[in-house]
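Novice: Let me give you the structure first, and then I'll get to my questions.
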Amino acid sequence: MAGSTGVPYRRSALGQAWWFLRRWPVLPLIVLGALLVFGVGAPWIAPNDPLKQNLPLRSVKPFYQDGSPYLLGGDHVGRDVFSRGLYGARISLTVMFVAMSAGMIIGVSLGLVSGYAGGVVDEVITRIVDIWLGFPFLLLALVVAITVGASFTVVMFLMVLLAWSGFVRNVRADVLVLKESDYVASAKVAGASTLRILTRHILPGTVGTITVIASLSVGSLILAEATLSFLGAGIPSPTPSWGNMVSEGRDYLQTAWWTSAFPGLALFLTVMSLNFIGDWVRDRLDPKLRQLD
């Protein structure tokens, strides 16, 4: 790199480290790596059964206070907060991979069909998306939870409903441009089927858009799951999730703040890291947004 005079200059070690941390999402990747390790390895890492109640240890303080046997303290019925947090990470990982993948498949498919078909098909799909985006999702989630009952399956279904709509409009916009390309016209002349044109010629051109939307949306999905669990419409107790852990501990904040603080901190770090990585992916895939050399 050269200075204003055209003479190359060298950064100091501290400056080089700072430049590296700004250019690459090192810290967010470390946080997500820890989430992956803790979530997948919870059965082997957790020191205690996350569901086992131990009333003599209820609201026991974290390990650094009074030699507590629990690393991050105990909750109001004596369950290990650290062990429950590890298993709660598995819920977030499931939302990341299962709900986002299913929502992406549905949204991308509808976006491809809408943009390529045009006409009435495009109009119907677009209006469905408009109606869905105007519908109060939280109200729907509460009604479903009350009617059907809160369960892991219901929560995953609701997360898929929340995830799909973000892909449709953006993929449709890309398809409207790509379908007018010369190589798509050549494929039509060559007798390629509609399915082949969509999957082999148009879909690859939307991968950048799909990646950016997925990376920016997954944090919102995890936060939505935690919100539903906090309100009692998500993962039912005693199954540990960060949302219901925060909810269960809110009545004991004055005497046992750690029961809500630690799962809340884990949720904050995870969503923040995902947002940072989403911004980084967007900047990498769109050169116009790059601010760092």
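Novice: What are the pairs, 6+ residues apart or on separate chains, where a residue within region 110-128 that is at pLDDT below 90 and buried (at least 17 other Cβ atoms within 10 Å of the Cβ) has its Cβ under 7 Å from a residue that is outside any helix (DSSP H, G or I) and not β-branched (Val, Ile, Thr)?
Specialist: From residues that are at pLDDT below 90 and buried (at least 17 other Cβ atoms within 10 Å of the Cβ), the pairs are 115/179; 116/179.
Results for (1) surrounded by fewer than 16 Cβ atoms within 10 Å (Cβ to Cβ); (2) touching a residue at least 60 places away in the same chain (Cβ under 8 Å), shown as yes or no for each residue.
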| residue | (1), (2) |
| --- | --- |
| 30 | yes, no |
| 34 | yes, no |
| 42 | no, no |
| 48 | no, no |
| 51 | yes, yes |
| 69 | yes, no |
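Novice: Can you tell me which condition residue 280 does not meet? The list is (1) closer than 23 Å to residue 102 by Cβ; (2) of a type in the set (A, V, I, L, M, F, W, C); (3) surrounded by fewer than 19 Cβ atoms within 10 Å (Cβ to Cβ); (4) touching a Phe, Trp or Tyr at 6+ places or on another chain (Cβ under 9 Å), and all the others hold.
Specialist: Going through the list (1) closer than 23 Å to residue 102 by Cβ; (2) of a type in the set (A, V, I, L, M, F, W, C); (3) surrounded by fewer than 19 Cβ atoms within 10 Å (Cβ to Cβ); (4) touching a Phe, Trp or Tyr at 6+ places or on another chain (Cβ under 9 Å), residue 280 breaks only (1).
Novice: If you check 220, 193, which single one turns out to be under 30 Å from residue 242 (Cβ atoms) and out of contact with any strand residue (DSSP E or B) (no Cβ under 6 Å at 6 or more places or on another chain)?
Specialist: From the options 220, 193, the qualifying one is 220.
Novice: Does region 213-242 hold any residues that are assigned to a helix (DSSP H, G or I), among the hydroxyl-bearing types (Ser, Thr, Tyr) and over 15 Å from residue 264 (Cβ atoms), and which are they?
Specialist: 215, 217, 220
Novice: While we're here: Quick check, is residue 104 modelled with pLDDT under 85 and either of a type in the set (Gly, Ala, Ser) or over 17 Å from residue 247 (Cβ atoms) (or both)?
Specialist: Spelling it out, it is not the case that residue 104 is modelled with pLDDT under 85 and either of a type in the set (Gly, Ala, Ser) or over 17 Å from residue 247 (Cβ atoms) (or both).
Novice: While we're here: How many residues are under 21 Å from residue 58 (Cα atoms) and in contact (Cβ under 8 Å) with a residue 40 or more places away in the chain if we restrict to region 254-269?
Specialist: Adding up the residues that qualify gives 6.
The values are calculated or read from the model by the stated rules, or taken from the named source; none is laboratory data. Everything numeric here is computed off the predicted structure, so don't read it as measured data. A quick note on method: Cβ atoms are made from the backbone with ideal geometry, for glycine too, and the neighbour counts reach across all protein chains shown.
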